[in-house]
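Visitor: Mind looking over this structure? Questions follow.
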Amino acid sequence: MKSLPPPRVSATHKVPTGIAGFDEITGGGLPRGRTTLLVGGPGSGKTILALQFLAHGARDCAEPGIFVAFEESSQRIVANAESFGWNLAALQKKKLFFLDAQPPPDLIQSGDFDLGGMLAGLDAQIKSMGARRIVFDALDVVLALLSDPATRRQEIYRLHAWLLARELTGIITAKAGGDEDSNASQQPFGFMQFMVDCAVILNHNVVQGVSHRNLRVQKYRGSSFDENESPFLIGASGLVVDAAHARVRVDAKVSNERVSSGVERLDTMLGGGYYRGASILITGFSGTAKTTLSGAFAEAACRRGEHTLFVSFDSDRNEVIRNLASVGIRLDQYIDNGSLRMISARSIAGSAETYLVRIQTLAKEHGARCVVIDPVSTWYKSANDLAAQSVADRLIDWSKGDGITMVCTSLLDEMSNQTDSGSPLQISTLADTWIHLSYLMQAGERNRGLSIVKSRGTAHSNQVRELILSDTGVTLTDTYTAGGEVLMGTLRWEKERAERVAAEAAEANAKLKRVKLDAEEAELEVRLKSLQTELVAKQLEKELLVRSIQSHEGELSRGRTQMKELRGADATNAADKKDSP
Amino acid sequence: MNRRSHFKFHLYVAGDAPNSAKAIANLATFCRTHLAERYEIEIVDVFREPKRALAEGIFMTPTLIALTPPPVRRIVGTLSHTQTVLLALGLVGLAE
């Protein structure tokens, strides 16, 4: 309550009711020393709310209380409330007093009467037990005996004045028709609503065959309060009201911490996993492995030692465990060690609000840090659009407020167009990460494709990946994309194999060519060598030739000289000078 | 119901509240008219004896309890409708 702006009636002037959610709506409880009117149709939970208020006071607040029963006998009320575990019988000795004030069936009435007798008796009782709280249950029963509206009004005034004078925190319950419009105009409670300091209206409607309970604080003098209708349910330990968190919450804790999705490659696609406290939506048609993906997340959470709540609307707990075990997700061990709690909600009948409050209660009990709801689209069926939408909003609001990482799956209508992947609940706009699973039909196969539609605050892959389930786990593979088409499954496999073969062939070809070239090179080298040898031979030959020519010439000149010498000619020198260079 | 029956009444009233005062007056008139010499009235003020009222289950005032002759009957209100009271006490027919 500390986060609230200081209300004009401070929390110390309020009396806690001990009803989860109700004290949040009213900012602390009912006005102390004032009267609260509780109006509702049959079976709307008036008596239980009032009784819980008294039981809480007697047990936890040291405020003894008195219950004035005009309609049901106190034994029956105590017996009916037995299942809530308030232990009224023990409280009854000292701290809780039941006054049976049912008009006897054989009551004979002659003329007018008033409630003075009862109030006098109550005065004595209050003094002797020090009562601080009082409930008048079904005041309308006794008022109905009064002949005219004026007298009724007078008795209400008397009662109100009496309550105020004694500074008792009081609840007066009164019946009213189902719809609110008739309440306001209905005498004398219409005027009672003006008189009292706080008025709460309980509604119990049936919409499309599903029961919806909600309550609304109609007025609360001197205090701010949540003015909207808040769904509530009658749970195992009394009333639980689903208070909208928006009023109380300042800001959700925002975390940069990442938590694993349970699928390694998906974490990579998301740039490290989901954010803690984020809301993740997984959409897809039936059989696209939504449950498997959320199961992987639950397993990963449990492996980190975080308490996890898994709510399945589709199948029984054991079925889910068995089915997930077939893809290597073993949850049974975590159920055994207490970190995982699995709830099959198929058995719970009720409105979306009922589910929401139940999930919240269970999560709180379990101390869950991660919650899986599979699938939330069930709510769409069990409620009208508006209610389901508001529940979805509140669900996300709640999980964010409590820092709970939540994975919701949502079933898409089989008949709807595959490209139109909007979630019927429109959670998609609220969810932080939206993963869409789809089928790709190709070559007589259905293959699962996973794509990340959005993921706030994280870089994420834009690619469609193929989701492969095997008995060792869940994994993603790249899809084969070529020529503008995406191939999956066998086609992808075939394509990949064909590519491999082609690559091998090319490699072999290259090898062959290289060998050929090697051979040619070798041949050329050999030829080069032989030519070189030939060249040397030729050179030698040439040299030889030159030498032989020289020697020949030498011989010749020598011959000539000799000849000259022999001839003894004179012109030898001149001839030598001309010839020799 | 025979003519000799003795009537014993407890009338619970809330101090001098208008309804209670009316009831006291109406009861006195009624008894004088219909039950001359065979009645007994005790007037209990719930403000003075709240425990007794509570124990007796008196929630509406005024309440008249007719203890005898049996069965015990309770009549709530100012006792302004004499016919109702006669009927309740089994005195119908005797009044004429």
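Visitor: If you take the residues in the stretch A:146-157 that are open to solvent by less than 50 Å² (accessible area, probe 1.4 Å) and within 12 Å of chain B (Cβ to nearest Cβ), which one is farthest from B:L89 (Cα to Cα)?
Guide: Looking at the filtered set, the residue picked out is A:E155.
Visitor: Also, I was wondering about something else. Within the stretch B:8-19, take every residue that is more than 9 Å from chain A (Cβ to nearest Cβ) and at pLDDT 85 or above and give me the one that is surrounded by the fewest Cβ atoms within 10 Å (Cβ to Cβ). Steps first, please.
Guide: So in the stretch B:8-19, the residues more than 9 Å from chain A (Cβ to nearest Cβ) come out as B:8-11, B:16.
Remaining after also requiring at pLDDT 85 or above: B:8-11.
Details: B:K8: 15, B:F9: 21, B:H10: 19, B:L11: 23.
So the residue we want is B:K8.
Visitor: Do we have A:Q442 as in contact with a strand residue (DSSP E or B) (Cβ under 8 Å, 6 or more places away or on another chain), open to solvent by 20 Å² or more (accessible area, probe 1.4 Å) and modelled with pLDDT under 75 here?
Guide: yes
Visitor: Quick one: B:T63 ticks every box in (1) at pLDDT below 80; (2) facing chain A (nearest Cβ under 10 Å) except a single one, so which number is it?
Guide: That leaves (1) as the condition not met.
Visitor: Working only within the stretch A:136-145, note down all residues that are more than 9 Å from chain B (Cβ to nearest Cβ) and in a helix (DSSP H, G or I).
Guide: Once the filter is applied, which keeps residues that are more than 9 Å from chain B (Cβ to nearest Cβ) and in a helix (DSSP H, G or I), the stretch A:136-145 yields A:L139, A:D140, A:V141, A:L143.
Visitor: If you check A:M406, A:M415, which single one turns out to be at pLDDT 80 or above and either aliphatic (A, V, I, L, M) or assigned to a loop (DSSP other than H, G, I, E, B) (or both)? Working first, answer last.
Guide: Working: A:M415 fails: at pLDDT 80 or above.
After applying the criteria, what remains is A:M406.
Visitor: Sticking with this structure for a sec: Report, by residue number, each residue of the stretch B:60-96 that is within 17 Å of B:S20 (Cβ to Cβ), open to solvent by 20 Å² or more (accessible area, probe 1.4 Å) and assigned to a loop (DSSP other than H, G, I, E, B). Give the derivation first.
Guide: Pass one, the stretch B:60-96, residues within 17 Å of B:S20 (Cβ to Cβ): B:60-65, B:74-81, B:85.
Subsequent filtering for residues that are open to solvent by 20 Å² or more (accessible area, probe 1.4 Å) retains B:74, B:80-81.
B:S80, B:H81, listed by residue number.
Visitor: Next question, about the same structure. Give the stretch A:108-135 a look and list any residue that's facing chain B (nearest Cβ under 7 Å), touching a strand residue (DSSP E or B) at 6+ places or on another chain (Cβ under 7 Å) and open to solvent by 40 Å² or more (accessible area, probe 1.4 Å), or say none.
Guide: Of everything in the stretch A:108-135, just one residue is facing chain B (nearest Cβ under 7 Å), touching a strand residue (DSSP E or B) at 6+ places or on another chain (Cβ under 7 Å) and open to solvent by 40 Å² or more (accessible area, probe 1.4 Å), namely A:Q109.
Visitor: Next question, about the same structure. Looking only at the stretch B:20-37, filter to residues that are open to solvent by 20 Å² or more (accessible area, probe 1.4 Å) and at pLDDT below 85; which one of those is farthest from the other protein chains (Cβ to nearest Cβ)?
Guide: B:E37
Visitor: Could you identify the single residue in A:E496, A:E555 that is within 60 Å of the chain's Cα centre (by Cα), assigned to a helix (DSSP H, G or I) and either modelled with pLDDT under 85 or surrounded by fewer than 10 Cβ atoms within 10 Å (Cβ to Cβ) (or both)?
Guide: One residue alone meets the criteria, A:E496.
Visitor: Can you name the number of the only condition in (1) at positive phi; (2) within 14 Å of another protein chain (Cβ to nearest Cβ); (3) among the small types (G, A, S) that A:G85 fails?
Guide: The failed condition is (2).
Visitor: With the condition kept exactly as written, say whether any residue in the stretch A:175-188 is over 38 Å from the mean Cα position of the chain (by Cα), modelled with pLDDT of 80 or more and either assigned by TED's automatic domain parsing to the domain that holds A:T17 or on the phi < 0 side of the Ramachandran plot (or both).
Guide: yes
The values are calculated or read from the model by the stated rules, or taken from the named source; none is laboratory data. The structure displayed is predicted, hence computed values, not measured ones. Every residue, glycine among them, receives a Cβ derived from its backbone with ideal geometry; neighbour counts consider all protein chains shown. Ligands, DNA and RNA are stripped out before the accessible areas are found, and what is left, the full protein with its side chains, is counted by its heavy atoms. Shrake-Rupley method; radii C 1.70, N 1.55, O 1.52, S 1.80 Å.
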